[in-house]
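Asks: Just passing along the structure, written as structure tokens.
Computed from the coordinates by the stated procedures, all read-outs in this text should not be read as laboratory data. Note that the structure is predicted; figures quoted are calculated from it, not measured.
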Amino acid sequence: MSTVLDPTAELSPSTRPRLVRPEQLEGLTVGLLDISKPRGNIFLDQLESLLSDRGIEVRRYMKPTVAKPAPVPLRQQIVGEVDLVIEGLAD
């Protein structure tokens, strides 16, 4: 079990088990989420190239602003389209 803290003024932390990581990426669709920080797209461009070269399907997403959580419609879209997400942090 791990404790997940929500920086948006939660009153009590949620505790939930971590998801099992896949043993391999082949056959999965990987989502790359750009959180709108400077140069995050550069990191994700390189990662997309590496994954695509291995034949792994990649889909790109971008939050409208780094200052807020991803909007619910974007989160729902991501959940419906990919098997796992890599979030790009940079500066």
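Asks: Cα axis of helix 40-53 to longest principal axis of the chain: angle in degrees, 0 to 90, nearest 10?
Replies: 50
Asks: Residues with amide H under 5 Å of residue 36's amide H, sequence separation 5 or more or different chain, H placed in the peptide plane at 1.01 Å from N; which?
Replies: Here the answer is 63, since their amide H atoms fall under 5 Å of that of residue 36.
Asks: Just subtract the alpha-carbon distance of residue 57 and residue 18 from 0.36 nm times their residue separation and send over the number in nm, one decimal.
Replies: 11.6 nm
Asks: Can you match Rg/Rh (Cα atoms, Kirkwood Rh) to one of these, (1) 0.99; (2) 1.03; (3) 0.92, based on a calculation from the structure here?
Replies: Matching entry in (1) 0.99; (2) 1.03; (3) 0.92: (1).
Asks: With everything on Cα atoms, drop me the angle between helix 72-81 and the longest principal axis of the chain, reported from 0 to 90° to the nearest 10.
Replies: 40
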